[in-house]
Every structure is written in C-alpha cells, then in structure tokens.
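Derivation of every value follows stated rules applied to the coordinates shown; laboratory data play no part. Computed from a predicted model, the values in this text were never measured in an experiment. As a convention, Cβ positions derive from the backbone with ideal geometry for all residues, glycine included, and neighbour counts pool all protein chains shown.
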Amino acid sequence: MSIYEKLKKASDNKDADAYLDMLHDDFVFLRHQTNTEVTKSEWEPTLKAMMSSDALEIADDRCIYENEEILVMHQVMTFPDGSREAVMIVDRLKDGKIIRTETGATPIQ
C-alpha cells in the first residue's frame, strides 16, 4: 500500500494515531499561514483535534504524484471553524515515512 493510500485510509477513518504513525520521528510541518515549523509532538494535538471533529471534511482528495522521495496531494478541506481551503500538500519522504510537510492553500468562499 502506498503512503498516499495509508494516509487516505487514516483520514477517511479519522484515525489520528494511524496518521501519526506515518510521520517520521524527525517530522516537521511548515505552516503556510505563519511560515513557522512545527515538530511531530507539537503537531499531534492539532491533528487529533481536527480528526476528532465531525466538522472536518476532506473532499476531492487526490494524489498528484508519489515516489519513494515525495508525495504531492491536493484536497479541499472544510475545517471545524467552518473555513474552507483548497490545499496543495507536499510531503518529503524518508525511510517510508513523511519527514517534512509543506502546504499551500487558497481560501474558498
């Protein structure tokens, strides 16, 4: 199963622990809103809160490209606060896990 397929399954099932298992111990998320970096342990509470909310919706989820070094995805996300964004996600991979995530997002009215 590809990393994309595993992430999609975890997201579809709102299984934060399975999602977190896909993140390398040295994982870093670059927040597009603030251009700040967040470690795996710092990202965990936010991820768990989003996934536990019935208000989080992911639509039009698709893999644009994946190989052993990179995964590029696009999706439309509706967040628990009601905001919606078209999100491009670029994951760098190492040892079969995600070591770095960067996103770019366009707000949707």
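Multiplying the sequence separation of Thr39 and Glu66 by 0.36 nm and subtracting their Cα-Cα distance, what value in nm do you get?
7.4 nm
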For this session: Of the listed values (1) 151; (2) 97; (3) 137, grab the one calculated as volume of the Cα convex hull per residue in Å³ from the structure here.
Result: (2)
Seminar exercise, completed: Zone reached by a paramagnetic label modelled 7 Å from Arg92 Cα along Cα→Cβ, restricted to region 34-52 with backbone N below 16 Å, covers 36-40
